[in-house]
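Throughout, read-outs are computed from the coordinates displayed, never taken from laboratory work. Remember, predicted model here, so these are calculated numbers, not experimental data. Here the Cβ is made from the backbone with ideal geometry for all residues, glycine too, and neighbour counts use every protein chain on show.
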Amino acid sequence: MFMLRIAIAGALAAGSVWAGAASGDAGRGEQLFQSEQCIQCHSFQGKGGTTAPDLSKRIDRNYTPAVMASLMWNHAPDMWGR
């Protein structure tokens, strides 16, 4: 469930829009980004690590929150290992 919340927060922060989208809590997202150590590897608007993508930059893909959550879930063992 936690990974899903992060994926949804990331999708909202990246500007993704889907039907029935709930408003996000940017402050809570920032707290999670730091407390779950995402900031060690990822950056957001230039603040944070450099070994993984800057999550504030749009990519040329239109991921739904469900797809983003599944990508994160499948990548989680590699992330935790680093």
Full-stretch length increase - Ser35, Lys47 - with 0.36 nm per residue and alpha-carbon distance subtracted:
2.9 nm
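Net charge near Pro53, counting Lys/Arg +1 and Asp/Glu -1 over other residues with Cβ under 14 Å of its Cβ?
Numbers: positive: Lys47, Lys57, Arg58, Arg61, Arg82; negative: Asp54, Asp60, Asp78.
Within the 14 Å Cβ shell, the charges total +2.
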